1. How many residues, within the stretch 139-181, are in a loop (DSSP other than H, G, I, E, B) and either among the polar types (S, T, N, Q) or touching a residue at least 24 places away in the same chain (Cβ under 8 Å) (or both)?
2. Under 8 Å by Cβ, and 6 or more places apart or on different chains, what pairs join a residue from the stretch 258-283 that is touching a residue at least 60 places away in the same chain (Cβ under 8 Å) with one that is among the polar types (S, T, N, Q) and surrounded by fewer than 21 Cβ atoms within 10 Å (Cβ to Cβ)?
3. Which numbered condition in (1) over 28 Å from M69 (Cβ atoms); (2) without any contact (Cβ under 8 Å) to a residue 60 or more places away in the chain; (3) of a type in the set (D, E) is the only one that D228 fails?
4. Looking at the stretch 74-93, is at least one residue modelled with pLDDT of 80 or more, under 15 Å from the mean Cα position of the chain (by Cα) and among the β-branched types (V, I, T)?
5. What's the number of the only condition in (1) surrounded by fewer than 16 Cβ atoms within 10 Å (Cβ to Cβ); (2) part of a loop (DSSP other than H, G, I, E, B); (3) of a type in the set (A, V, I, L, M, F, W, C) that F225 fails to meet?
Amino acid sequence: MLSNESLDHFLDDFLDGKKSNEKLIMHKRENAVPVQTNCELWTPPDDGAFIAISEKKKLSKRTLVSTLMILVLIPLTIFIGMWIGDRKYLFISMAIIIYTMIPFVMVFEGRKPQARELIILAVLAAIAVAGRVAFFMLPQFKPVIAIVIIAGICFGAESGFLVGAISMFVSNFFSSQGPWTPWQMFAAGIIGFLAGILFQKGRLNMKKLPLCVFGFFSTFFIYGFLLDTASVFMFQSEVTFKSALPLYFSGAPFNLIHACSTVFFLFIGARPLVEKLERIKVKYGLIKN
């Protein structure tokens with residue numbers, strides 16, 4: 001992990017942020033004391049690093065639009081794609097990406113978007129893709145969901161869903177595309193979206209225990225359940241409770257490995273990564289939740 005000074009020099013050159021040092025100085029914590037907010041967070045470290053601060057807020061209009069799309073439009077699109085035929089999975093995947101872009105673009109309804117705001121999300125998606133490819137030899141042991149959760153916490157629910165969906169879509173070009181791709185996009189995206197919502201409402205904080213607990217249960221019960229459900233519909237012509245139950249039981253060990261890997265990567269990487277992302281947000285005035 002780069003030091004704060006090295007990160008500043010790199011970002012100044014990469015994002016042309018030389019004029020943003022004043023924001024960084026204003027928010028830098030020297031001899032910091034614990035921050036009192038609506039949600040208890042980390043005690044600020046002695047070196048003046050940044051921490052994520054959560055405030056209980058009402059859900060915005062774009063978040064409500066996102067919720068409608070996630071709970072209604074995207075599942076409907078996936079099931080329509082299954083009815084049309086499995087070979088339409090790339091079309092369904094692109095439709096999901098378009099759906100996720102609509103509420104994300106609403107973030108900029110009052111101002112023009114900056115390229116630097118999109119670059120950070122693209123980098124997070126690229127890290128998730130690289131992590132999934134790098135651990136290809138270890139089935140289900142991937143850092144993707146951990147990175148998606150961090151994206152949702154730092155940049156909001158819409159960004160979390162976008163990073164999750166894009167990460168799964170792009171990484172499948174290295175593994176394999178198939179009718180499971182839209183399900184993976186939806187499952188990873190909804191975890192990032194839920195992480196952003198819970199953090200915004202003050203129900204999730206950056207302490208390791210609650211963060212790891214959320215990562216475990218969301219990976220096992222949301223991602224695992226949705227992908228097992230995809231297997232039921234893809235591999236069975238007539239779906240019944242008795243025929244579906246063995247598939248759910250056989251998928252449980254893989255879901256357990258995946259959930260434990262999410263806990264592992266959150267435990268070792270969440271704090272330093274969030275500190276760097278919060279520093280970038282402050283210095284360059286990036287996307288607000």
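1. Residues of the stretch 139-181 in a loop (DSSP other than H, G, I, E, B): 139-143, 156, 172-180.
In the following step, the residues that additionally are either among the polar types (S, T, N, Q) or touching a residue at least 24 places away in the same chain (Cβ under 8 Å) (or both) were identified as 139-143, 156, 172, 174-180.
Number satisfying all stated conditions: 14.
2. Cβ pairs passing all conditions: H258/Q140; S261/Q140; R279/N4; K283/S20; K283/N21.
3. Here D228 clears every test but (1).
4. Looking for residues that are modelled with pLDDT of 80 or more, under 15 Å from the mean Cα position of the chain (by Cα) and among the β-branched types (V, I, T), one finds none in the stretch 74-93, hence no.
5. Unmet condition: (2).
The values are calculated or read from the model by the stated rules, or taken from the named source; none is laboratory data. Nothing here was measured: the structure is a model prediction, and the numbers come from that model. When we count neighbours, we look across all protein chains shown, and the Cβ atoms used for this are built from the backbone with ideal geometry, even at glycine.
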